[in-house]
Amino acid sequence: MIIVPVYKSIELVGTSEQNWADAVKEAYKEAKKSLRGIRNLTIIQSDVKVKEDVDKLIYRVRCQVNFQLEK
């Protein structure tokens, strides 16, 4: 019998006040706290939230996180 891996996907939103790359790193950092077997992150959408009252930009990245299910 051949064991074929099965994967699951979830979506997370990472945020950063620095840039999109840091937003992805934040999403990964949080994902690895509770998931094992992470195979990849796919950026689905990126945008910037503008906070005019404090003159700040918040970089946001919606990521699909794919990880292998344990047998």
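Here are a few things to note about the model shown:
- Lone qualifier among 45, 64 - being assigned to a strand (DSSP E or B), without any contact (Cβ under 8 Å) to a residue 24 or more places away in the chain and either in contact with a Cys (Cβ under 8 Å, 6 or more places away or on another chain) or among the polar types (S, T, N, Q) (or both): 45
- For first residues located in region 11-35 and within 17 Å of residue 56 (Cα to Cα) and of a type in the set (S, T, N, Q), partners that are part of a helix (DSSP H, G or I) and open to solvent by 100 Å² or more (accessible area, probe 1.4 Å) and lie 6+ apart or on another chain with Cβ distances below 9 Å form the pairs 16/25.
- Lone qualifier among 26, 17, 11, 70 - being at pLDDT below 95, open to solvent by 60 Å² or more (accessible area, probe 1.4 Å) and not aliphatic (A, V, I, L, M): 70
- For residue 53, the criteria (1) within 12 Å of the chain's Cα centre (by Cα); (2) surrounded by fewer than 15 Cβ atoms within 10 Å (Cβ to Cβ) hold in every case but one, which is (1).
Matching residues to (1) under 8 Å from the mean Cα position of the chain (by Cα); (2) of a type outside the set (Ser, Thr, Tyr):
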{"position": "4", "(1), (2)": "no, yes"}
{"position": "8", "(1), (2)": "no, yes"}
{"position": "15", "(1), (2)": "no, no"}
{"position": "28", "(1), (2)": "yes, no"}
{"position": "58", "(1), (2)": "no, yes"}
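The values are calculated or read from the model by the stated rules, or taken from the named source; none is laboratory data. Since the structure is predicted, the reported quantities are computational estimates derived from the model, not experimental observations. Note that we place each Cβ from the backbone using ideal geometry, even for glycine, and neighbour counts take in every protein chain shown. SASA here: full protein model, heavy atoms, side chains in, ligands and nucleic acids out. Shrake-Rupley method; radii C 1.70, N 1.55, O 1.52, S 1.80 Å.
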